[in-house]
Amino acid sequence: MRDDAWLRNRMLEIWQIRFMDVPMKNEVKIRFKGKWKTKFGHIRMKNNITEIVVNSLFKHEDVPQYIIDLTIAHELIHYSHGFQSPLERRYHYPHQGGIVRKELKKRGFRDAMQMERKIFRKEWPEIFKRIRS
């Protein structure tokens, strides 16, 4: 079952496999929250603790796991670039020059990005209707 413990394990696995070059300089928490139609997640830092939030609709098995993995990776890229983390800020803006997309591709998420685009254009509206309640 997809719960916050499962989500934390996925984040740690992704970090170990795809982000081993990024030091975890502070406590990083992750949890499911919200039921958004167009927002997958966000990252913020408060009291030196970084919190990553993933759309709670993604708990449902109708949502492919690669969507969750891609969302986690997206937020970890922000962390690695110094946004909402104690790491040195590398860019002025978090999505400057398409840097998140470029970094996702560099870290092995190219196929997931292509599948995600397709599912959210064609299948997400129907999935959203089914699982939003």
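The values are calculated or read from the model by the stated rules, or taken from the named source; none is laboratory data. Fair warning: this is a prediction, and the values are worked out from it, not measured in the lab. Cβ sites come from the backbone with ideal geometry, for glycine too, and all protein chains shown count toward neighbours.
A few points about this structure:
- Flag for residue 54 being in contact with a helix residue (DSSP H, G or I) (Cβ under 6 Å, 6 or more places away or on another chain) and more than 30 Å from residue 127 (Cα to Cα): no
- Residues of the range 1-24 satisfying the condition of being touching a residue at least 40 places away in the same chain (Cβ under 8 Å) and either touching a strand residue (DSSP E or B) at 6+ places or on another chain (Cβ under 9 Å) or not in a loop (DSSP other than H, G, I, E, B) (or both): 2, 3, 7, 10, 11, 14, 15, 18
- Residue 50 passes every criterion in (1) within 14 Å of residue 7 (Cβ to Cβ); (2) at pLDDT 95 or above apart from (1).
- Residue that is surrounded by 12 or more Cβ atoms within 10 Å (Cβ to Cβ) and closer than 28 Å to residue 121 by Cα, where the choices are 40, 83: 40
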